[in-house]
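Report on one structure; see the data block that follows.
No lab work stands behind these numbers, since they all come straight from the coordinates. Keep in mind that this is a model prediction, so the values were computed, not measured. When we count neighbours, we look across all protein chains shown, and the Cβ atoms used for this are built from the backbone with ideal geometry, even at glycine.
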């Protein structure tokens, strides 16, 4: 019986000098750069040419943005520690780090959807208030969707990792998660700092 | 052979140049990232525009680099990974360079932004009604 019997070929094949799974995640990241890059580029154009954007940006809550940045940075730490344990073949500890990463993602989404957005909407800043708020809700919404997708994938991967199965996936979801972190690293100063 | 062992076979046998990535002290990197975050938040309190820009965007670039290098291990991934990530970034800048003049400039070679368009954009940005009525009424007279 072949070592790879019953497993998807992409799991064991090393294509173009690296495992296919890792290559695929890097391709996803490259395409995501274009998606978020387009959004961020459009924002910068309007921000630089219209002072009203700065006036509207003054209403975002820097404290909440800072807390959420700290949460994402910490969850990235957990993700890379999970990768480290997976490399060492320690499935249970890798799984524990994945659960912590997912908790970070849920905390981020909870702060955004249960605290930050309701407060802003209560003050009359909705997606249709002005182009700034349209951009704000669109960019943060798309980013939050990526956070929720990442959490969902981690919750699928972690139980298997706990049994010591498919440990390479811990690194792959970690790569994706760090990219989500990098996107927020740029959204944070654009929306919360440069007022 | 267990599936666990299979997973490690695939990891060990890969030809990426880092079967097992070198793992630096991640806690130390996280602490530096947090310190940089604190500086970027503190920057605007000085009230100097250039300092705010540097602490906001300069630090964002440094933080992104640190995450890419130490958490994503891009420096030891196959060289072409860096190439196609850079290609995606170049496309982003091309998009910006290609469309920014239309958005940011009132005129260029052989074109001038219509006054009604400029006016309606300004009114929309500040969330005020466009002069002449909603949805830019009165545009026709400029055509």
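Structure notes:
- Averaged over residues, the count of other Cβ atoms within 10 Å places the peptides A:36-46, A:171-181 in the sequence A:171-181, A:36-46, highest first.
- Cβ crowding within 10 Å averaged over residues, with A:17-24, A:69-76 ranked highest first: A:69-76, A:17-24
- Acute angle (nearest 10 degrees) that the helix A:131-162 long axis makes with the longest principal axis of chain A, alpha-carbon atoms: 20
- Average partner coverage of A:184-194, which counts Cβ from other chains inside 10 Å: 6
- For peptide A:119-130, the mean count of partner chain Cβ atoms within 10 Å of a residue's Cβ comes to 1.
- Highest mean packing comes first when the peptides B:88-97, B:102-111 are listed by Cβ atoms within 10 Å, giving B:88-97, B:102-111.
- Convex hull per residue volume in Å³, alpha carbons only, for the stretch A:33-102: 103
- Degrees, to the nearest 10: A:168-188 long Cα axis against longest axis of chain A: 10
- C-alpha long axis of helix A:20-49 to longest principal axis of chain A, angle in °: 10
- Sorted ascending by nearby beta carbons within 10 Å, beginning with the fewest, A:83, A:123, A:143, B:73 become A:123, A:143, B:73, A:83.
- Test item: A:74-83 mean partner chain Cβ contacts at 10 Å: 5
- Based on Cα contacts under 8 Å between residues 6+ apart, chain A shows a relative contact order of 30 percent.
- Values of log10 I(q)/I(0), in the order q = 0.13, 0.14, 0.17, 0.18 Å⁻¹, for the stretch A:81-189 under a Debye, Cα-only, solvent-free model: -0.54, -0.60, -0.78, -0.83
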